[in-house]
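Down below is the structure, laid out as structure tokens.
The values are calculated or read from the model by the stated rules, or taken from the named source; none is laboratory data. This is a predicted model, so every value here is computed, not measured. Cβ placement follows ideal geometry from the backbone for every residue including glycine, while neighbour counts extend to all protein chains displayed.
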Amino acid sequence: MEKKKRWVREVIGNYMVDLAALDEKVVAVSADLFRSCRMEKFMEQYPDRMYNTGIAEQNMVGFAAGLCREGFKPYAFSMASFVSMRACEQCRTDIAYANANAVLVGVYSGVSGGLSGATHWSIEDCAIMAAFPNMTVLEPSDGVQAQKMLRATLNHEGPIYIRVSVVPSVDIYSEEYEYQIGKVSIPREGKDGAILCSGVLVQYALEAAEEIFCETGKSIRVVDMHTIKPVDRQAIRDAAATGYVLAAQDHNIIGGLGQQVAAVIAEEGLQTKFKIAGIPDRFVPMARPDYLYAMFEIDKDGLKRQMLDMMGVEIHG
């Protein structure tokens with residue numbers, strides 16, 4: 001029986017109501033995209049704690065910074081490309097430089113927006129946001145983790161950027177799952193290789209690892225790198241000890257999770273075969289996300305093929 005899939009952006013939008021109930025300082029800000037970010041329930045229950053700046057992302061981020069100065073905990077919602085690029089200077093100067101306690105949430109991360117095309121894709125956002133001092137960068141892989149991630153942001157000191165896919169995902173974790181910013185989660189153990197990934201690619205990595213085990217007997221560890229910055233260095237050391245590391249993310253291969261992992265491997269002189277999987281460093285025509293993920297070899301079949309190729313394992317038949 002196929003597992004039920006959920007849209008993480010809907011889970012986040014709905015959970016904002018619970019977050020607001022926990023802390024009266026929680027407010028929501030958006031650049032006229034509350035409905036695209038699935039914030040309808042928050043709008044209904046807390047109309048006096050939501051602010052719409054109109055289609056003006058720079059104003060949205062600057063306004064969120066001002067709310068921080070007044071003691072509020074703002075959660076600013078828009079598309080990931082608009083948060084990270086259109087409001088780039090405000091994210092840097094108003095939020096990161098001020099070390100403001102704002103949470104910036106960008107939906108349509110990577111190429112998950114599919115037919116929206118390159119103007120609405122965000123294959124550069126991690127590279128941009130991770131470059132700002134003080135900024136923590138997160139990416140949830142399922143609905144359960146998204147809720148616990150939001151809960152963890154409530155008491156976090158300093159700015160946070162959360163990138164959110166709009167591709168539905170199965171629930172990987174149970175309600176008992178314990179989440180910690182900066183500490184990876186390992187939904188599947190393995191000793192013969194490791195796939196380090198984030199967001200929607202975690203479910204594809206789990207499927208790939210299962211098929212590899214069934215067909216070859218090789219056990220592949222799947223490491224959920226939900227915290228892109230600060231990266232969990234110990235988890236990378238442990239993954240490198242398997243001898244094969246594949247770092248995958250719905251992001252440009254330049255500046256994303258893969259290069260974060262590569263830096264640790266190089267700086268610490270870790271001995272492992274290593275490859276980065278992601279969006280190639282070029283613009284491509286719009287298409288549905290499943291087609292794009294297959295083309296870029298970051299879906300289940302692509303991750304499986306890349307892992308086996310790196311390991312030198314052939315599947316016959």
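Going through (1) part of a helix (DSSP H, G or I); (2) over 20 Å from ALA76 (Cα atoms); (3) touching a strand residue (DSSP E or B) at 6+ places or on another chain (Cβ under 7 Å) one by one, CYS91 falls short only on (2).
Every condition in (1) without any contact (Cβ under 8 Å) to a residue 60 or more places away in the chain; (2) more than 21 Å from VAL137 (Cα to Cα); (3) not aliphatic (A, V, I, L, M) holds for TYR244 except the one numbered (1).
Yes or no, residue by residue, for (1) more than 17 Å from CYS197 (Cβ to Cβ); (2) in a loop (DSSP other than H, G, I, E, B):
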{"position": "MET129", "(1), (2)": "yes, no"}
{"position": "ASN134", "(1), (2)": "yes, yes"}
{"position": "ALA152", "(1), (2)": "yes, no"}
{"position": "ASN155", "(1), (2)": "yes, yes"}
{"position": "ILE162", "(1), (2)": "no, no"}
{"position": "ILE172", "(1), (2)": "no, yes"}
{"position": "GLU175", "(1), (2)": "yes, yes"}
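Scoring ARG38 on the criteria (1) closer than 24 Å to VAL170 by Cβ; (2) touching a strand residue (DSSP E or B) at 6+ places or on another chain (Cβ under 6 Å); (3) in a loop (DSSP other than H, G, I, E, B) leaves a single failure, condition (2).
Listed residues ASP23, ASP18, ASP48; which is touching a Leu at 6+ places or on another chain (Cβ under 7 Å) and either over 26 Å from TRP121 (Cα atoms) or of a type in the set (Gly, Ala, Ser) (or both)?
On the way: ASP18 fails: touching a Leu at 6+ places or on another chain (Cβ under 7 Å); ASP48 fails: touching a Leu at 6+ places or on another chain (Cβ under 7 Å).
Checking each option against the conditions leaves just ASP23.
From the list GLN260, GLN234, GLN249, the one residue that fits, being outside any strand (DSSP E or B), closer than 22 Å to GLY106 by Cα and modelled with pLDDT of 95 or more, is GLN260.
If I ask for residues that are over 19 Å from VAL200 (Cα atoms), touching a residue at least 12 places away in the same chain (Cβ under 8 Å) and out of contact with any Phe, Trp or Tyr (no Cβ under 6 Å at 6 or more places or on another chain), which ones from region 19-41 would you list?
Going residue by residue through region 19-41, those that are over 19 Å from VAL200 (Cα atoms) are 19-35, 39-41.
Next, from what is left, pick out any that are touching a residue at least 12 places away in the same chain (Cβ under 8 Å): 19-20, 22-23, 25-34, 39-41.
Across region 19-41, the qualifying residues are LEU19, LEU22, ASP23, VAL26, ALA31, ASP32, LEU33, PHE34, MET39, GLU40, LYS41.
Looking at ASN59, ASN101, ASN14, ASN52, just one residue is more than 20 Å from GLN145 (Cβ to Cβ) and under 21 Å from the mean Cα position of the chain (by Cα), and that residue is ASN101. For ALA64, indicate whether it is buried (at least 23 other Cβ atoms within 10 Å of the Cβ), under 21 Å from the mean Cα position of the chain (by Cα) and in the same structural domain as ILE128 (by TED's automatic domain parsing). The answer is no for ALA64. If only residues of region 230-250 that are touching a Ser or Thr at 6+ places or on another chain (Cβ under 8 Å) and not small (Gly, Ala, Ser) are counted, the one that is farthest from GLN306 (Cα to Cα) is PRO230.
Which of the residues spanning region 99-113 are of a type outside the set (S, T, N, Q) and either surrounded by fewer than 15 Cβ atoms within 10 Å (Cβ to Cβ) or in contact with a Leu (Cβ under 7 Å, 6 or more places away or on another chain) (or both)? Show your work before the answer.
Keep residues of region 99-113 that are of a type outside the set (S, T, N, Q), which gives 100, 102-108, 110-111, 113.
Residue satisfying the conditions is VAL111 alone.
Being farther than 22 Å from GLU124 by Cβ and not assigned by TED's automatic domain parsing to the domain that holds SER141 narrows it down to one of GLN306, GLN260, GLN249, so name that one. Break it down stepwise before answering.
Details: GLN260 fails: farther than 22 Å from GLU124 by Cβ; GLN249 fails: farther than 22 Å from GLU124 by Cβ.
Among GLN306, GLN260, GLN249, only GLN306 is farther than 22 Å from GLU124 by Cβ and not assigned by TED's automatic domain parsing to the domain that holds SER141.
For region 169-187, the condition holds for at least one residue, the condition being that it is more than 20 Å from VAL261 (Cβ to Cβ), exposed (fewer than 15 other Cβ atoms within 10 Å of the Cβ) and either among the small types (Gly, Ala, Ser) or within 15 Å of the chain's Cα centre (by Cα) (or both).
When only residues in region 114-126 that are over 18 Å from GLY255 (Cβ atoms) and surrounded by fewer than 19 Cβ atoms within 10 Å (Cβ to Cβ) count, which is nearest to the chain's Cα centre (by Cα)? Explain how you work it out, then say what you get.
The initial filter retains those residues of region 114-126 that are over 18 Å from GLY255 (Cβ atoms), namely 114-117, 119-120.
Cutting the leftovers down to surrounded by fewer than 19 Cβ atoms within 10 Å (Cβ to Cβ) gives us 115-117, 119-120.
Details: LEU115: 20, SER116: 19, GLY117: 19, THR119: 19, HIS120: 16 Å.
Only one residue tops the list, namely HIS120.
For MET39, are the conditions met, namely being more than 22 Å from GLU139 (Cβ to Cβ) and of a type in the set (A, V, I, L, M)? Outline the logic, then answer.
Values: more than 22 Å from GLU139 (Cβ to Cβ): no; of a type in the set (A, V, I, L, M): yes.
Criteria not met by MET39.
Could you list, in sequence order, all residues of region 192-208 that are touching a strand residue (DSSP E or B) at 6+ places or on another chain (Cβ under 7 Å) and not hydrophobic (A, V, I, L, M, F, W, C)? Passing the criteria: ASP192, GLY193, SER198, GLY199, GLN203.
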